[in-house]
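First the structure, in the form of structure tokens, and then the observations on it.
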Amino acid sequence: MEVVHLALGKQSYPIYIGSGLISNSGLIRTGVAGNRVLIVTNETIAPLYVDRLKDTLSGLDVDTVELPDGERFKNLETLNLIFDVLLTNSHNRNTTIIALGGGVVGDTAGFAAASYQRGVAFIQIPTTLLSQVDSSVGGKTAVNHALGKNMIGAFHQPRAVYIDTDTLQSLPKRELVAGMAEVIKHGALADRQYFDWLEESAEKLLSLEPDVITKAIKRSCEIKARIVAEDERETGVRALLNLGHTFGHAIENGLGYGEWLHGEAVGAGMVMAADLSVRLGLCDRADALRLKSLIKRVGLPVTPPTGLQNQLLELMSRDKKVSDKGMRLVLLEELGRARLVEDIDENSLRSTINAGKDLLK
Ligand SMILES: NC(=O)c1ccc[n+]([C@@H]2O[C@H](COP(=O)([O-])OP(=O)(O)OC[C@H]3O[C@@H](n4cnc5c(N)ncnc54)[C@H](O)[C@@H]3O)[C@@H](O)[C@H]2O)c1
């Protein structure tokens, strides 16, 4: 088992990574605050893992709520299902909410934990690659509003994160590949050596070779933990984790959420960010091309969907990462180093958006 520490003063917590963790009773109980637990999961994950987790927690007073599956249910109505179970079963402030699932379950359960009785203990057991390398770490919780994604939420750090790598065995391939976008992103924005290693290991990662997948999850968690420790509330360096995301969110939004998975949109979004970085003279073409080629090799899209060109600029300027100072984007300086750039030259941005299949050609 590997452990990564997220250093946040009194809110510091461990991130455990290994095989079979869902069944590791001694370890999981260290994260539980009192003797009552609510497991929040969804209808897809429950039949696969919930009995195992209940066995692990035997002796504690455990309730479970199964949410409907999908990003479209990440909303206030679904959040209320969690509060209904908590209140009906008289959970008090000493309860612990455990999120068992991907980023949708984690974000929704996390916001329930942040707001139930002004905040209760929270544990993450992420079961998708994306949630293991990204969303379970860092304490961002939220649900969507009809007018915007992740618009209603809070920062609420978990007491511990338990990453059971065995859960990736049941994950659909398309979801695994989507998670690779965030893995590649971590190498591209923060660690060139990690990026080199990802190039060598991409196929082994996709076939879930245990040592390789564990190493990638650990390195990605270390990178995310270091950045969050420096800037929990995203007033500075944490914004770098959004490499490819402003383009990606615009693609997701333009197509309608769910058409492309988040990681697929981020894949194409990172290629667009790399293209713009080259146009603006910030980054060598060779590095940008390496990023594009790795994204392509793992099976992610490297061009935005056709037909969206006319909307993308407008959609990007609506993204919440746009500050009062105008369009701000995370761009690449070289593999392993990214930078937040303000006042982006609109003509260059238009050229990137209109390049379509000719990105980085
Ligand atoms: N909080 C953050 O910092 C942060 C960061 C990135 C993304 N997010 C959020 O994460 C969400 C996306 O998360 P995701 O990619 O994990 O998607 P997801 O939670 O929708 O999971 C993807 C699909 O896989 C299924 N699934 C999950 N684990 C499984 C398993 N082990 N076996 C079989 N099926 C399984 C789910 O039921 C779902 O159908 C978005 O809502 C996004 O906004 C949050």
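The values are calculated or read from the model by the stated rules, or taken from the named source; none is laboratory data. Just so it is clear, the model here is predicted, and its values are computed rather than measured. A quick note on method: Cβ atoms are made from the backbone with ideal geometry, for glycine too, and the neighbour counts reach across all protein chains shown.
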Q: Look at region 346-361 and say how many of its residues are closer than 19 Å to Arg285 by Cα, modelled with pLDDT under 90 and charged (D, E, K, R).
A: 3
Q) Among Asn80, Asn144, which is within 10 Å of the ligand (Cβ to nearest atom), surrounded by fewer than 23 Cβ atoms within 10 Å (Cβ to Cβ) and farther than 22 Å from Thr214 by Cβ? A) Asn144
Q: Select from region 17-51 the residues that are part of a strand (DSSP E or B) and within 16 Å of the ligand (Cβ to nearest atom) and write down the one among them that is surrounded by the fewest Cβ atoms within 10 Å (Cβ to Cβ).
A: Gly18
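Name the one entry in Asn80, Asn75 that is touching a strand residue (DSSP E or B) at 6+ places or on another chain (Cβ under 8 Å) and farther than 17 Å from Tyr162 by Cα. Break it down stepwise before answering.
Numbers: Asn80 fails: touching a strand residue (DSSP E or B) at 6+ places or on another chain (Cβ under 8 Å).
From the options Asn80, Asn75, the qualifying one is Asn75.
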Q) Failed condition for Val104, given (1) under 17 Å from Arg159 (Cα atoms); (2) assigned to a helix (DSSP H, G or I); (3) hydrophobic (A, V, I, L, M, F, W, C), with all others met? A) (1)
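Condition check ((1) surrounded by 24 or more Cβ atoms within 10 Å (Cβ to Cβ); (2) within 16 Å of the ligand (Cβ to nearest atom); (3) at positive phi; (4) not hydroxyl-bearing (Ser, Thr, Tyr)) across all residues:
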site: Tyr257; (1), (2), (3), (4): no, yes, no, no
site: Ala265; (1), (2), (3), (4): yes, yes, no, yes
site: Met270; (1), (2), (3), (4): yes, yes, no, yes
site: Leu280; (1), (2), (3), (4): no, no, no, yes
site: Cys283; (1), (2), (3), (4): yes, no, no, yes
site: Ala286; (1), (2), (3), (4): no, no, no, yes
site: Arg290; (1), (2), (3), (4): no, no, no, yes
site: Ile295; (1), (2), (3), (4): yes, no, no, yes
Q: Can you tell me which residue within region 299-318, out of those that are assigned to a helix (DSSP H, G or I) and not polar (S, T, N, Q), is surrounded by the fewest Cβ atoms within 10 Å (Cβ to Cβ)?
A: Glu314
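Across region 170-217, what is the total count of residues that are outside any helix (DSSP H, G or I) and either of a type in the set (Asp, Glu) or within 16 Å of the ligand (Cβ to nearest atom) (or both)? Full working, then the answer.
The first filter runs over region 170-217 and keeps only residues outside any helix (DSSP H, G or I), leaving 171-172, 191, 207-209.
With the extra rule that they be either of a type in the set (Asp, Glu) or within 16 Å of the ligand (Cβ to nearest atom) (or both), the set shrinks to 171-172, 191, 208-209.
Residues in region 170-217 being outside any helix (DSSP H, G or I) and either of a type in the set (Asp, Glu) or within 16 Å of the ligand (Cβ to nearest atom) (or both): 5 in total.
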